[in-house]
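Here's the structure, in structure tokens; my notes come after.
The values are calculated or read from the model by the stated rules, or taken from the named source; none is laboratory data. Computed from a predicted model, the values in this text were never measured in an experiment. Every residue, glycine among them, receives a Cβ derived from its backbone with ideal geometry; neighbour counts consider all protein chains shown.
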């Protein structure tokens, strides 16, 4: 299996001077080859009088895509050393551009190589400093002892967005599907599980999963019902509401409990995916619950008793407090 590589979160600029030639280096995170070439083009536009704009970039979680360009410097004296610096630093999804202003002294292949090697060494050192800073920030954002998060649900834009958001905040995320052969609660178990369902059938597997979940596993449950999206109160302790209990509370509070009960039990998968705005709001709510749990924030107690509801067509959001458990609802769904 290929090694997963790091990247940088913010642009870095370095300038050195050798024999009156100025070398300006730009290191920036990019998502794909087009983005990398845009950064290179931007360097050309920002420094139109510079003689050369040598470049290198590495892309992909395993750093498989690698490109370099000497931009008129002697072959192998600029782009290749820059690419080697990125690879040896363990970086990917990153582009480096070295812009050279000629100082009137011909450096030759040896001089250019020395200059590029020096720039490459700066790149390596800066990459290490950035990673160190980001590791410290990551630990502050998301405590290490609560870093493991399991996402359970169908592949698609929603869980992809949740995974990206949690990962950006410092969580170690893995994926599972209750319909697969492997049991997602095997082993030591995650600290937090995020469950997502698009229909009643998928949500119907949650009670069995919760009954097998390893003690101490917190749960965030999000699901769609027609044009509405719900996020249950986060469950942290054994006495917190289960998925069935939350539905029971909703039915008990309804003015038409029989109709609501039937609707919840048979709700089919919506015919259309969540739009970007609704998906963003849902991800934000999940992230709010997850961060409150990870940091054991003072808001966690209230979040354990609050049902979140989004009506997609109107964009309206409701926060509905639920009665404490283990009191039995007047009516429970069957």
### In the stretch 207-236, the residues that are under 17 Å from residue 191 (Cα atoms) and outside any loop (DSSP other than H, G, I, E, B)
209, 210, 211, 212, 218, 219, 220, 221, 235
### Query
Residue check, residue 137 against (1) under 30 Å from residue 280 (Cα atoms); (2) at pLDDT below 80; (3) not in a helix (DSSP H, G or I), all met but one. Which one?
(3)
### Task
Determine which single condition residue 292 fails, assuming it passes every other condition in (1) surrounded by 16 or more Cβ atoms within 10 Å (Cβ to Cβ); (2) assigned to a helix (DSSP H, G or I); (3) at pLDDT below 85.
(3)
### Query
In the stretch 72-89, which residue that is at pLDDT 80 or above and surrounded by 16 or more Cβ atoms within 10 Å (Cβ to Cβ) is farthest from residue 32 (Cα to Cα)?
81
#### Entry: Extreme residue, nearest to residue 212 (Cα to Cα), among residues of the stretch 240-289 that are touching a strand residue (DSSP E or B) at 6+ places or on another chain (Cβ under 6 Å) and in a loop (DSSP other than H, G, I, E, B)
267
### Query
If you check 104, 179, which single one turns out to be modelled with pLDDT under 65, at positive phi and either surrounded by fewer than 16 Cβ atoms within 10 Å (Cβ to Cβ) or assigned to a helix (DSSP H, G or I) (or both)?
104
